Amino acid sequence: MNKGRLEAFSDAVIAIIVTIMILEFKTPETAEMKALLENAPYFFAYIVTYLFVGVAWYNHHYMFSLTKRVTKRIYWLNNIWLLSMSFLPVATAWAGRFINSRGPEYFYYVVHFAWLMMYFLLSRALADANREVAPEVYQKITGMPIYGVIMKPYFWMIQVALIVAIYFFPAIELIFVILEVFVIGNRTGSDSDKLFHD
């Protein structure tokens, strides 16, 4: 399979997801600054999700730039990963509108967790596809932060703690995601910005 076609499709879907999210940001009804501040919770949720999607896109691009093979399994896992991401506009709008309510924040958590699991399965499929044909690519993909973190027991302990914490402080889910963005965003492979340099 031509990986360029799959990358182009993924880029298009991600661009649409980000566009839908900003359309949820309502234009204030008055010219007063306080009208803008009424949208502050959604604005915060939008920024968090936008940065999250940005980091996801960068890492996705990195893996696909490295891979030598794209299999049918990778194609379908990529599609399901995009499907999980397509719920972000709804999750972001709901969580941003009711930032201190459990239901919307739990929904955002479920979407985020589904995204994490699908991203992990996609990265594992990409690594496995390169294990024999390009061992160095296998090493780079399995060395990515999200791959290693999900394999650790503390990841699951954090998830349980987060589920409990959302009950008492719903907004902690968005705070956790912004922390995740900074941790993962700053730990991309050192060669990630040099893949296309001569």
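Looking across the range 13-57, the residues that are small (G, A, S) and farther than 18 Å from W115 by Cβ come down to A31, A35, A40. For the range 1-99, the helices (runs of 4 or more DSSP H) that sit wholly inside it and include 2 or more residues that are of a type in the set (S, T, Y) and within 21 Å of A125 (Cβ to Cβ) are 40-66, 72-86.
Candidates are the residues of the range 14-35 that are within 22 Å of I175 (Cβ to Cβ) and more than 17 Å from the chain's Cα centre (by Cα); the one that is surrounded by the most Cβ atoms within 10 Å (Cβ to Cβ) is E24. Evaluating I146 against the criteria (1) modelled with pLDDT of 85 or more; (2) crowded, with 19+ Cβ neighbours inside 10 Å leaves one unmet condition, (1). Take the residues in the range 1-46 that are touching a helix residue (DSSP H, G or I) at 6+ places or on another chain (Cβ under 8 Å) and β-branched (V, I, T); name whichever of them is farthest from N79 (Cα to Cα). The extreme case among them is I22.
Residue check: is E105 crowded, with 17+ Cβ neighbours inside 10 Å, among the charged types (D, E, K, R) and either modelled with pLDDT of 95 or more or not in a helix (DSSP H, G or I) (or both)? Yes; evaluated as a whole, the condition is true for this residue.
Only a single criterion out of (1) surrounded by 19 or more Cβ atoms within 10 Å (Cβ to Cβ); (2) modelled with pLDDT of 95 or more; (3) closer than 23 Å to I172 by Cα is not satisfied by W81, namely (3). Taking the range 143-187 as the range and being among the small types (G, A, S), in contact (Cβ under 8 Å) with a residue 60 or more places away in the chain and part of a helix (DSSP H, G or I) as the test, only G185 passes.
The values are calculated or read from the model by the stated rules, or taken from the named source; none is laboratory data. Predicted model only: the values in this text are computed from it and were never measured. Positions of Cβ are backbone-derived with ideal geometry, glycine not excepted, and every protein chain shown enters the neighbour counts.
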